[in-house]
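These notes are about the structure you will find just below.
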Amino acid sequence: MQAPRAQWGSRIGFILAAAGSAVGLGNLWKFPYITGLNGGGVFILAYVCCVVLVGLPVMSAEILIGRATQKSPVAAFRELTHPGSFWVSFGWLGVFAAGSLLSYYSVIAGWAMHYAYISLNGELVGSGVEGVQSLFGQVVASPGLNLFWHIAFMALTVGVVLGGVAKGIDRWSRILMPALLIMLTGLVVRAAFLPGFGEGLEFAFGIRPEEFRPESLLAALGQAFFSLSIGMGTMLTYGSYLHRDDDIMDSSIQICALDTIVALAASAVIFPIIFSFAGLEPGQGPGLLFASIPTGLIQMPFSGVLLATFFFLLVFAALTSAISLLEVPVSFLIDQFGWSRGKSAALAGAVITLYGIPSALSYVEGSALPEFLDKLDWVVSNLMFPVGGIGMSLFAGWRMDEALRHDHFLSGSKYRFAYNAWLTLLRFIVPVGIVCVFLNAIGVM
Ligand code: PFF
């Protein structure tokens, strides 16, 4: 007999876990530089529209499918259609996509762990400005360091997921997320006293319509999907642990708001640091976080504390996202084979750790699969996310039983009046928007 469905320990636990999934490397790294390169404030306006008109409806739809079925993605689609239905493939895609994303997300998180470690032991401060700038190249080229920290990060993620929904994910999210918000606030306050604060904010938030191109809108939409963790079945899985009377729309609004606030705050930290220290480039790529930012921080008073705060912030943000990614295959294994959580987490963790090895060795000299990490990221971000997102929206909008959908949207909700608008967005606006992003990504549009 199957054990009863696990449940969140508290509503705030669910909100923080889902917001933890959303707040990740995407907010601290991708969002600031995409904003800087696409017209600053204009991009932010476009991004907020994408979050409200596309992200929010898809997130709530995913959570709703999960709560209505109390199942992980594959079993959920199976229950709402029939075994062998075409829709079930979106469940499989979710499991595969979440595992794929986690396999290389963990490598980047591993770099952050290494930097957090060398911030604490003084090595980073000791390496001086020039040393810090060249350090990142050495770190990514070292097979031993990459593998060690990738495995360490995966072990940490498995450790939390092993604890279960209430005692693992919920409990840790209630510790990690407030800590993250405190560290981020501290860094924003510190950044406000930097000489380049005004210039940094101007770069991030200044309105520059001439830099906003048609592709910028598509970049905003793609970023909204990545940042809100939608289309991969993570929100569906987290929704499956929700109580029947929780307000899905209200929770989704809070998660989207928190995610957007963190992205904006990250920009208010990153660019003032970049602009306060001559010679640093607001350019893209991992070098922004692992070379430029530490080069700036090391030149400030109390640099050890600042460096440790910054890299722990990265590790915490990545960990809460990784937990949600691992939970998708874990809950799949539990539902599909009736395995224990321990066995499922150990197996999924081991497979994904192995899957991450080519990414961990991507930048090592003579690597058999050079730039594997970047290529996998391209496939996940540009193919798997849009296809998954379109599956969720079309299923919830067109295929799902009307009575069930209506009932779950309204249950405990103060947003009953928004039902028709939500359904219209899901049925028409969201699919059209996603198809445009997809065609743009593959070079057709
Ligand atoms: N939202 C995370 C970020 O911004 O880094 C990435 C992510 C986590 C995407 C979990 C998808 C997901 F299911």
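Scanning the stretch 323-338 for residues that are among the hydrophobic types (A, V, I, L, M, F, W, C) and either touching a residue at least 12 places away in the same chain (Cβ under 8 Å) or buried (at least 16 other Cβ atoms within 10 Å of the Cβ) (or both) turns up Ile323, Leu325, Leu326, Val328, Val330, Phe332, Leu333, Ile334. Take the conditions (1) open to solvent by 30 Å² or more (accessible area, probe 1.4 Å); (2) at pLDDT 95 or above; (3) in a loop (DSSP other than H, G, I, E, B); Ile253 misses just one of them, which is (3). Cβ-Cβ distances below 7 Å connect the following pairs, each with a first residue in the stretch 104-122 that is touching a residue at least 60 places away in the same chain (Cβ under 8 Å), a second residue that is of a type in the set (S, T, N, Q), and a separation of six or more residues or different chains: Tyr104/Ser359; Tyr105/Ser321; Val107/Asn146; Val107/Ser359; Gly110/Asn146.
Annotation: Met300 fulfils all but one of (1) surrounded by 24 or more Cβ atoms within 10 Å (Cβ to Cβ); (2) of a type in the set (A, V, I, L, M); (3) away from the ligand (no atom under 16 Å from the Cβ); (4) more than 30 Å from His408 (Cβ to Cβ); the unmet one is (1). Within the stretch 180-200, can one find any residue that is closer than 24 Å to Pro329 by Cα and touching a residue at least 40 places away in the same chain (Cβ under 8 Å)? No - not one qualifying residue is present in the stretch 180-200. Candidates in the stretch 8-25 are the residues that are modelled with pLDDT under 95 and more than 21 Å from Ile261 (Cβ to Cβ); of these, the one that is surrounded by the fewest Cβ atoms within 10 Å (Cβ to Cβ) is Ser10. Of the helices (runs of 4 or more DSSP H) lying entirely inside the stretch 16-86, not one contains at least 1 residues that are away from the ligand (no atom under 15 Å from the Cβ), within 16 Å of the chain's Cα centre (by Cα) and at negative phi.
Given the criteria under 12 Å from the mean Cα position of the chain (by Cα), surrounded by 22 or more Cβ atoms within 10 Å (Cβ to Cβ) and farther than 26 Å from Leu201 by Cβ, does Ile248 qualify? In short, no. For the stretch 408-445, a tally of residues being among the charged types (D, E, K, R) and in contact (Cβ under 8 Å) with a residue 24 or more places away in the chain returns 2. All conditions in (1) more than 15 Å from the ligand (Cβ to nearest atom); (2) touching a Phe, Trp or Tyr at 6+ places or on another chain (Cβ under 8 Å); (3) not charged (D, E, K, R) hold for Phe277, with the sole exception of (2). Is it true that Leu288 is within 26 Å of Phe316 (Cα to Cα) and modelled with pLDDT of 95 or more? Judged against the criteria, Leu288 is not a match. Checking each residue in the stretch 387-407 for being open to solvent by 10 Å² or more (accessible area, probe 1.4 Å), in a helix (DSSP H, G or I) and not aliphatic (A, V, I, L, M) picks out Trp398, Arg399, Glu402, His406, Asp407. Summed over the stretch 115-148, the residues that are part of a helix (DSSP H, G or I) and either more than 25 Å from Ser103 (Cβ to Cβ) or β-branched (Val, Ile, Thr) (or both) give a count of 16.
Among the residues of the stretch 168-182 satisfying the criterion of being crowded, with 19+ Cβ neighbours inside 10 Å and aliphatic (A, V, I, L, M), which is nearest to Ile255 (Cα to Cα)? Filtering the stretch 168-182 for residues that are crowded, with 19+ Cβ neighbours inside 10 Å and aliphatic (A, V, I, L, M), the one nearest to Ile255 (Cα to Cα) comes out as Met177. What residue, among those in the stretch 196-250 that are of a type in the set (Asp, Glu) and part of a helix (DSSP H, G or I), is nearest to Tyr105 (Cα to Cα)? So the residue we want is Glu215. Total residues in the stretch 274-297 satisfying the condition of being open to solvent by 10 Å² or more (accessible area, probe 1.4 Å) and assigned to a helix (DSSP H, G or I): the figure is 5. Filtered by the rule that a residue be within 8 Å of the ligand (Cβ to nearest atom) and touching a Pro at 6+ places or on another chain (Cβ under 7 Å), the stretch 232-241 gives a lone residue, Gly233. Name the pairs: first residue in the stretch 129-141 and closer than 17 Å to Ser303 by Cα, second residue open to solvent by 30 Å² or more (accessible area, probe 1.4 Å), Cβ to Cβ under 7 Å, at least 6 apart or on different chains? Pairs that qualify, where the first residue is closer than 17 Å to Ser303 by Cα and the partner is open to solvent by 30 Å² or more (accessible area, probe 1.4 Å), are Val129/Gln299; Leu135/Ser127.
Counting only residues that are open to solvent by less than 50 Å² (accessible area, probe 1.4 Å) and within 16 Å of the ligand (Cβ to nearest atom), the stretch 350-378 holds 6 of them.
Number of residues in the stretch 74-102 that are in contact with a His (Cβ under 9 Å, 6 or more places away or on another chain) and crowded, with 24+ Cβ neighbours inside 10 Å: the value is 0.
The values are calculated or read from the model by the stated rules, or taken from the named source; none is laboratory data. Because the structure is predicted, anything quoted here is derived from the model rather than measured. Ideal geometry is used to build each Cβ from the backbone, glycine not excepted, and the neighbour counts take in all protein chains shown. Side chains are part of the model used for accessible areas, which takes the heavy atoms of the whole protein and leaves out ligands, DNA and RNA. Shrake-Rupley method; radii C 1.70, N 1.55, O 1.52, S 1.80 Å.
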